[in-house]
1. If you take the alpha carbon radius of gyration of segment 95-136 and divide it by 2.2 N^0.38 Å, what ratio comes out, to two decimals?
2. What FRET efficiency, computed as 1/(1 + (r/R0)^6) with R0 = 45 Å and r the Cβ-Cβ distance, is obtained for residue 357 and residue 153, rounded to the nearest 0.05?
3. Cα-based Rg (one decimal) and Dmax (whole number) for the chain, in Å?
4. Calculate the spin-label point distance for residue 60 paired with residue 241, positioning each point 7 Å from the Cα along the beta-carbon direction, and give it in nanometres.
5. Give me the number: length gained by fully extending residue 310 to residue 102, i.e. 0.36 nm times residue separation minus the C-alpha to C-alpha distance, one decimal in nm.
6. Provide the percentage of antiparallel DSSP beta bridges, counting only those with both residues in segment 1-160; round to the nearest 5.
7. Quick check on packing: order 127-135, 247-255, 144-152 by the mean number of other C-beta atoms within 10 Å, highest mean leading.
8. Divide by every residue of the chain the summed helix terms, -39500 (n - 2.57) for each DSSP H run of at least 4, and state the resulting mean residue ellipticity at 222 nm, rounded to the nearest 500 deg cm²/dmol.
Amino acid sequence: MISVFDKKEECCGCTACKHICPTRAIEMVSDEEGFLYPEINQELCIDCGRCRKVCPFVNSISVDDKLDKPLVYAVKQKDFETRMKSTSGGVYTSISSVVLDKSGLIYGVKFDENFKVIHSKAIDDKERNTFRGSKYVQSDLGDIFNQIRNELELGQSVLFTGTGCQVAGLRKFILDTKTNSGGLITNDIICHGTPSPLLWNEFLKFIQKNSKLNSYTFRYKEKGWHGYNIKAEFENGKIKVNTPDIKVYSNIFTTDCALRPSCYNCKFANLERKSDIMIGDFWGIEKIMPEIDDDKGISLVLVNTIKGKYVFDLIKSNIDIWESNTRDCLQPNLIGPTKKPQKREMFWQDYYDYGFIYIAKKYAEYNFKSVIKRNIKSALRSVGLLKYLKR
């Protein structure tokens, strides 16, 4: 086999091909944009074709216990502190707690000690809590699929949370290896697209010139849930919220230029989820149910399978629930994939030619004008005029 995929737009980097290879001929290798792709060692390859057959991007995936239509809910965690530590309504904490309470295992996404975004395993609340909060970077899955397969074969219950393509890849891998999936619970998130780990690493170097990071929050809710507020805390004690430098990466993300090529061709940006439960922000809730929107976060939950319904029923005592429907919950990435910007090629060429600071200034508002604008807003806020002018 020369290659697992024909073009990059058809590879989401889920690692299913790597893990199913019987001769371990496949490794995930970073390309010039920082995304991992499978590369085949031709000396080890036996041309069995299993790598192509397991690919969730080009093969159908059966979900045996799928409901006729998803059950749709708006959800708030009853515990306010838990909700404030979560990206939206805090429903993930309740779902994962059900599994932990039954001695199950949790696989989710966290920052490692160097702020690399990775999938990892948790066996208790403390480890699970590191999975809370959005990380707008494509995670490194490492050897997670094989770990989960081994746990399932030992009779363990396992909750896996990831993007739609990661969940689809895991489900297809478990199906094709004929592993008993009875203990597997899959939870995917609404995904706008996965940005480049290379640019995240560049950003980390950029903001840590004077002091190392202690924490980084993509969705800081003390300033409200609507919108993208960024908070960074440093070892020297400095705390920054929404400063032009701290917002560089999130501003790059919102250009859509740094997404993986397959994200513009996503097969999972729709209501036909391959997960048991899907969660995300319930955008538009202020129009549909304004009486429940307190600007502190509300989760959208789609229950897709009988297993998902069983899990959701177990958490109802810990959450506040409002029934909704697929019409009212629709948002762009439940209708289709993010569109590829016309300027994407220019964006990457600018990065290769001139470096990270150049694209920060050109595409991410890291310039003199944005600094002056922020200083003016801060001055107006300090004297109480900003709210008045907004009104």
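What follows is calculated from the coordinates using simple rules that are stated; it is not laboratory data. Keep in mind it's a predicted model, so treat the numbers as computed, not measured. Positions of Cβ are generated from backbone atoms using ideal geometry, with glycine treated the same way; all protein chains shown enter the neighbour counts.
1. Values: Rg = 10.4 Å, N = 42, 2.2 N^0.38 = 9.1 Å.
This ratio for segment 95-136 stands at 1.14.
2. Values: r = 49 Å, r/R0 = 1.09.
Calculated transfer efficiency: 0.35.
3. Looking at the chain, its Cα Rg and Dmax stand at 21.3, 71 Å.
4. Distance between label points: 5.2 nm.
5. Working: separation 208, 0.36 × 208 = 74.88 nm, distance 1.39 nm.
Extending this stretch completely gives an extra 73.5 nm.
6. Working: 11 of 15 bridges.
Here the share of antiparallel DSSP bridges comes out near 75 percent.
7. Working: 127-135: 17.6, 247-255: 21.6, 144-152: 19.6.
Put in order of decreasing packing, that is 247-255, 144-152, 127-135.
8. Values: 15 runs with 124 residues, N = 391.
-8500 deg cm²/dmol, from helical runs alone.
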